[in-house]
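Visitor: Have a look at this one before I ask anything.
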Amino acid sequence: MRTRHRFKQVDTLEARLAAEAERLREKASLLPPGAARDEILRKARQAETGSQMSEWLRSPGLQPPS
């Protein structure tokens, strides 16, 4: 049976998503305008939104329903 190689993440999910968004934006800046560039920018926006949502969900202002 194969075993899974597990490891702990060093950075938080928010930091990894923000870094991925930045990497994608840099990659898109090298491409000419077109469908490929638009797709990469869409993925960058998704990663950025995911990072913001995760930060919002972890914020201390949220309280569990009572």
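Visitor: Please give the per residue accessible area of the chain, computed with a probe of 1.4 Å over protein heavy atoms only, in Å². Could the numbers behind the result be given before it?
Guide: Values: 5970 Å² over 66 residues.
Each residue of the chain exposes 91 Å² on average to a 1.4 Å probe.
Visitor: Also, quick follow-up: From a point 7 Å beyond the Cα of residue 39 in the direction of its Cβ, which residues of the stretch 1-22 have a backbone N at a distance under 20 Å?
Guide: 20-22
Visitor: Further, regarding this structure: At q = 0.24 Å⁻¹, what log₁₀ I(q)/I(0) does the chain have when each alpha carbon counts as one equal point scatterer in the Debye sum?
Guide: Values, matching the q order: -0.95.
Visitor: What net charge do the residues around residue 47 carry, taking every other residue with its C-beta under 14 Å from that of residue 47, with Lys and Arg at +1 and Asp and Glu at -1?
Guide: Details: positive: 16, 23, 25, 27, 42, 43, 45; negative: 11, 14, 20, 22, 26, 39, 48, 55.
That works out to -1.
Visitor: Return the carbon/sulfur percentage of the accessible area of the chain, one whole number, probe 1.4 Å, all protein chains in place.
Guide: Numbers: 3390 of 5970 Å².
For the chain, the apolar C and S fraction of the accessible surface comes to 57 percent.
Visitor: Here is a further query. Just to verify a number: FRET efficiency for residue 57 and residue 4, C-beta to C-beta distance, R0 = 25 Å, to 0.05?
Guide: That pair, residue 57 with residue 4, gives E of 0.40.
Visitor: Which residues make up the longest stretch of the chain that has no trypsin sites (Lys or Arg not before Pro) in a DSSP loop with at most 13 other Cβ atoms within 10 Å? Please list the in-between numbers first.
Guide: On the way: sites that count: 2, 4, 6, 8.
The segment 9-66 is the longest one with no such site.
Visitor: Between 0 and 90 degrees, rounded to the nearest ten: what's the tilt of helix 13-29 against the longest Cα principal axis of the chain?
Guide: 0 degrees
Visitor: Work through the residues other than residue 34 whose Cβ is under 14 Å from its Cβ and net out their charges, Lys, Arg +1 and Asp, Glu -1.
Guide: Residues near residue 34 contribute +1 overall.
Visitor: Could you tell me how many degrees, from 0 to 90 and to the nearest 10, lie between the Cα long axis of helix 35-58 and the main elongation axis, the longest principal axis, of the Cα atoms of the chain?
Guide: 20 degrees
The values are calculated or read from the model by the stated rules, or taken from the named source; none is laboratory data. All values derive from a computational prediction rather than experimental measurement. A quick note on method: Cβ atoms are made from the backbone with ideal geometry, for glycine too, and the neighbour counts reach across all protein chains shown. Ligands, DNA and RNA are excluded from the accessible area calculation, which covers all protein heavy atoms including side chains. Shrake-Rupley method; radii C 1.70, N 1.55, O 1.52, S 1.80 Å.
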